[in-house]
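Data first, discussion second: the structure below is written as structure tokens.
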Amino acid sequence: MTIFAALALLGGAFLSGAVVGDDAPRTQIRESKAAKDARMEWWREARLGMFLHWGLYSIPAGQWKGHTGYGEWIREEAHIPVGDYEKFRSEFNPVKFNADSFVKMAHDAGMKYIVITTKHHDGFGLFDSKFTDWCIRETPFHRDVMAEVAAACKKYGLRMCWYHSIMDWHHPDYLPRRSWEVAQRPVDGANMDRYVEYLRNQVTELLTKYGPIGVMWFDGEWEATWDDHYGKPLYELCRKLQPNVIVNNRVSNNRGGSVESSGEDQRVGDFSTPEQFIPPTGLGNVDWETCMTMNDHWGYNSHDTNWKSSKELIRNIVDVASKGGNYLLNIGPRSDGTFPPEAVDRLKAIGAWMKTNGQAIFGTTASVFDNLPWGRCTTRSGNQITTLYLQVFDWPKDGKLVVPGIGNEPMSARLMIARRDTQVARVGSDLVIQVGKIAPDANCSVVQLDVRGPALIYKAPKIEAPAEMIVGSTQVSISSSSPELDVRYTLDGVDPTPASPLYKDLITLSDSGELRAAAFHKGKRVSPVSLMKFAKVEPKPAVRVDGLQPGLWCEEFKGNWDVMPDFSKLTPRVSFAAHSPDLTLPSSSESSKEEFWGRRFTGYITVPDDAVYLFDLTSDDGSKLWIDDEVVIDNDGLHGSVTKRGQAALAKGSHKIVLGWFNKSGGLDLALHWAKAGEKMGSIPNSAFGFAR
């Protein structure tokens with residue numbers, strides 16, 4: 001009998017040892033900014049961590065029935081029946097596993113924390129859990145991997161962190177069942193609430209058996225069965241058990257986030273988790289961590305030889321730190337308990353670089369520059385001195401490193417690899433450092449530049465306006481990067497000069513034109529020119545429609561699309577009246593629990609005044625918004641929860657609206673918000689919608 005069959009017969013009996021109940025918290029924990037800053041301090045200073053994806057999937061090593069492209073998703077992607085997959089449990093015996101070796105390699109590479117898969121989507125636990133026998137205890141290995149890694153982390157001074165999957169392809173109560181195995185594993189009797197109780201029990205084990213845990217790193221939250229009803233209480237359980245633990249944003253399917261009209265941020269979790277990419281400009285003031293593989297797979301694949309070079313990995317570490325984030329670099333150990341030799345080589349190269357240059361990464365903040373032509377920068381700010389670590393990717397052929405647009409007095413400069421000072425001098429608005437013609441490090445050379453006082457960077461001023469369209473008038477603000485800089489502006493199409501008007505307060509515009517602004521220091525222009533164009537427009541006329549019914553007309557379609565189809569050429573499987581653009585509305589289908597479907601909402605939206613209106617459209621996957629037959633927002637394509645903004649000048653009254661949305665797979669999300677230009681974005685009242693049939 002398979003473990004699945006046994007659990008199905010037992011039903012909920014195996015949960016008799018449950019440690020959670022009706023007293024589980026139901027409101028998100030509140031804490032002051034100072035308290036959160038203290039809790040996040042070590043993580044923000046760490047900048048570099050090791051990710052370990054290890055489990056039963058390391059045994060097939062990416063190969064199944066002649067195909068070699070699999071990783072930790074092999075059971076799902078290769079459609080392996082649960083009974084066949086369970087056979088790997090009796091084969092898992094990593095006799096060469098040595099927790100000390102794992103952790104020491106991370107330590108020697110300069111990593112400050114380790115995140116390891118306690119349980120991946122296949123449901124198998126690398127720890128000894130009393131709530132299931134689908135875990136390490138029932139393998140030939142027997143030993144609790146998590147206990148040994150936690151002890152080694154304590155020895156080497158690294159933070160122990162857990163990855164734990166919300167999704168579970170093995171548990172009989174987890175929903176939705178994979179479509180390809182419904183016949184083998186019927187959903188009759190499955191109970192998602194019972195599964196969540198099991199999940200919470202295992203999380204409780206992980207946070208009570210192994211000492212202080214740095215991060216609970218959840219994953220697999222994107223399926224429609226998981227929502228804030230489960231996500232927020234799970235976050236709160238973690239913080240209740242270990243008040244100082246940090247929890248990533250994948251604890252909830254609301255990780256994309258939304259700010260409702262009340263102004264309350266609805267996101268859950270302590271940091272964002274871009275995967276396999278580095279945000280081009282970081283994520284602003286949001287804590288974030290890029291997780292990335294060394295080759296193309298998270299779990300071990302013996303056929304994957306597409307390893308990133310040591311240079312690329314080192315530059316990724318630098319790039320992420322320069323944008324204010326952390327880099328979580330993944331390794332997939334082999335089934336015998338060892339790291340692939342390619343990973344070991346790269347860890348050694350990273351460690352050698354970090355030994356010399358780690359000061360330029362640990363405890364630094366993001367670059368004070370918007371961009372640098374030759375590389376990146378990290379910052380360490382003090383009361384009297386600011387240290388800029390200049391990470392040079394493209395070494396200057398003439399041996400002169402130009403630091404552009406900086407107003408501070410230079411104090412000293414040195415090549416970190418040489419540990420000796422070099423000459424630095426001012427040339428106009430730039431500083432020029434004599435670094436020699438040969439780069440000392442082919443991967444990334446670092447120059448430490450100390451300047452007097454807070455960083456004074458000559459950035460272009462930031463122009464902000466409610467919209468670039470004008471109906472009546474609009475007000476524009478301009479801000480500079482430093483109070484020591486003056487901002488001057490023009491409205492006549494020419495660049496600002498020292499004689500141009502000095503920006504002091506909001507500028508009111510009522511006609512078409514362009515606003516240019518630049519920063520000045522001690523009477524000289526020191527920044528590029530910022531430009532914003534404005535267009536005076538007539539609002540689109542409203543239409544008169546008699547007999548409008550409240551809401552919108554919703555048509556629902558079934559299909560597999562990568563981009564939005566022309567719904568007007570398809571036959572809906574169901575149509576009904578909806579009070580607003582919503583995915584939770586009742587219909588004759590079970591659409592909220594399935595994939596490969598879409599909806600089109602049609603009708604009218606009534607606006608209260610002649611004005612420019614802003615619209616925010618959030619979706620997962622693609623969506624488009626048309627108003628009066630013109631595209632206002634194009635949020636099409638396959639992606640996670642993404643918000644895009646559009647604007648339309650509308651006259652008071654009713655306007656035709658069409659909103660299309662589709663889902664291929666993964667999470668479900670659709671939301672439409674609005675605001676009159678210059679006002680706060682908020683929900684659209686249902687009373688604003690109407691349709692005629």
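Miscellaneous remarks
- In segment 206-218, the residues that are surrounded by 19 or more Cβ atoms within 10 Å (Cβ to Cβ) and touching a residue at least 60 places away in the same chain (Cβ under 8 Å): 206, 210, 214, 215, 217
- Test result for residue 502, open to solvent by 50 Å² or more (accessible area, probe 1.4 Å), over 23 Å from residue 470 (Cα atoms), of a type outside the set (Ser, Thr, Tyr) and modelled with pLDDT of 95 or more: yes
- Count of residues meeting criterion [under 29 Å from the mean Cα position of the chain (by Cα), surrounded by fewer than 20 Cβ atoms within 10 Å (Cβ to Cβ) and at pLDDT 95 or above] in segment 645-672: 3
- Residue in segment 254-274 that is most open to solvent (accessible area, probe 1.4 Å), counting only those that are modelled with pLDDT under 95 and of a type in the set (D, E, K, R): 267
- Some residue of segment 439-451 being surrounded by fewer than 21 Cβ atoms within 10 Å (Cβ to Cβ), more than 24 Å from residue 380 (Cα to Cα) and free of Cβ contacts under 8 Å to residues at least 40 places away in the same chain: no
- Whenever a residue of segment 147-172 is free of Cβ contacts under 8 Å to residues at least 24 places away in the same chain and of a type in the set (S, T, N, Q), it has no partner that is open to solvent by less than 40 Å² (accessible area, probe 1.4 Å) and in a loop (DSSP other than H, G, I, E, B) lying with C-beta atoms less than 8 angstrom away and at least six residues away or across chains.
- If you filter segment 395-423 down to residues that are open to solvent by 20 Å² or more (accessible area, probe 1.4 Å) and among the β-branched types (Val, Ile, Thr), you find that the one that is farthest from the chain's Cα centre (by Cα) is 422.
- Candidates in segment 595-612 are the residues that are in contact with a Lys or Arg (Cβ under 9 Å, 6 or more places away or on another chain) and open to solvent by less than 50 Å² (accessible area, probe 1.4 Å); of these, the one that is farthest from residue 474 (Cα to Cα) is 597.
- As a summary of the residue check, residue 151 satisfies the conditions (1) open to solvent by less than 20 Å² (accessible area, probe 1.4 Å); (2) under 27 Å from residue 238 (Cα atoms); (3) of a type in the set (A, V, I, L, M, F, W, C); (4) not in a loop (DSSP other than H, G, I, E, B) except for the one numbered (1).
- For beta carbons closer than 7 Å, sequence separation of 6+ or different chains, a first residue in segment 83-96 that is within 15 Å of residue 123 (Cα to Cα) and a second that is acidic (Asp, Glu), the qualifying pairs are 85/122; 89/138.
- Restricting segment 613-636 to residues that are of a type in the set (A, V, I, L, M, F, W, C) and open to solvent by 10 Å² or more (accessible area, probe 1.4 Å) leaves a set whose member that is nearest to residue 577 (Cα to Cα) is 626.
- For segment 286-301, a tally of residues being in a loop (DSSP other than H, G, I, E, B) and either within 17 Å of residue 327 (Cα to Cα) or free of Cβ contacts under 8 Å to residues at least 12 places away in the same chain (or both) returns 7.
- Count of residues meeting criterion [among the hydrophobic types (A, V, I, L, M, F, W, C) and closer than 26 Å to residue 274 by Cβ] in segment 626-655: 3
- Residue satisfying all of: in segment 357-394; open to solvent by 40 Å² or more (accessible area, probe 1.4 Å) and of a type in the set (Val, Ile, Thr); nearest to residue 443 (Cα to Cα) among these: 365
- Some residue of segment 158-180 being hydroxyl-bearing (Ser, Thr, Tyr), part of a strand (DSSP E or B) and open to solvent by less than 20 Å² (accessible area, probe 1.4 Å): yes
- Among residues of segment 682-693 that are among the β-branched types (Val, Ile, Thr), those with a Cβ under 8 angstrom from a residue that is open to solvent by 10 Å² or more (accessible area, probe 1.4 Å) and at pLDDT below 95, sequence gap 6+ or separate chain, pair up as 684/580.
- Residues of segment 516-560 satisfying the condition of being touching a strand residue (DSSP E or B) at 6+ places or on another chain (Cβ under 6 Å), under 25 Å from residue 469 (Cα atoms) and assigned to a loop (DSSP other than H, G, I, E, B): 529, 537, 539, 542
- Counting only strands (runs of 3 or more DSSP E) that sit completely within segment 616-693, those holding 1 or more residues that are farther than 21 Å from residue 563 by Cβ and in contact with an Asp or Glu (Cβ under 6 Å, 6 or more places away or on another chain) correspond to 653-663, 669-676.
- A residue that is modelled with pLDDT of 95 or more and within 30 Å of residue 531 (Cβ to Cβ) can be found somewhere in segment 432-446.
- Among the residues of segment 300-323, those that are touching a Ser or Thr at 6+ places or on another chain (Cβ under 6 Å) and open to solvent by less than 50 Å² (accessible area, probe 1.4 Å) comprise 300, 320, 321, 322.
- Going through (1) out of contact with any Asp or Glu (no Cβ under 6 Å at 6 or more places or on another chain); (2) open to solvent by 50 Å² or more (accessible area, probe 1.4 Å) one by one, residue 137 falls short only on (1).
- If you go through segment 58-73 and keep only what is within 19 Å of residue 306 (Cα to Cα) and either outside any strand (DSSP E or B) or touching an Asp or Glu at 6+ places or on another chain (Cβ under 6 Å) (or both), you end up with 58, 60, 61, 62, 63, 68, 69, 70, 71, 72, 73.
- Hey, residue 451 farther than 16 Å from residue 521 by Cβ and touching a Pro at 6+ places or on another chain (Cβ under 8 Å) or not: no
- Of everything in segment 180-201 that is free of Cβ contacts under 8 Å to residues at least 24 places away in the same chain and not hydrophobic (A, V, I, L, M, F, W, C), the residue that is nearest to residue 81 (Cα to Cα) is 186.
- Residues that are crowded, with 18+ Cβ neighbours inside 10 Å and touching a residue at least 60 places away in the same chain (Cβ under 8 Å) within segment 461-484 comprise 461, 463, 465, 466, 467, 469, 470, 471, 474, listed in sequence order.
- Residues (assigned to a helix (DSSP H, G or I) and either of a type in the set (Asp, Glu) or within 20 Å of residue 180 (Cα to Cα) (or both)) located in segment 78-92: 82, 83, 84, 85, 86, 87, 91
The values are calculated or read from the model by the stated rules, or taken from the named source; none is laboratory data. Only a predicted model underlies this, so the values are computations on that prediction, with no experimental measurement involved. All Cβ positions, even for glycine, are placed from backbone atoms using ideal geometry, and neighbour counts span all protein chains on display. Ligands, DNA and RNA are excluded from the accessible area calculation, which covers all protein heavy atoms including side chains. Shrake-Rupley method; radii C 1.70, N 1.55, O 1.52, S 1.80 Å.
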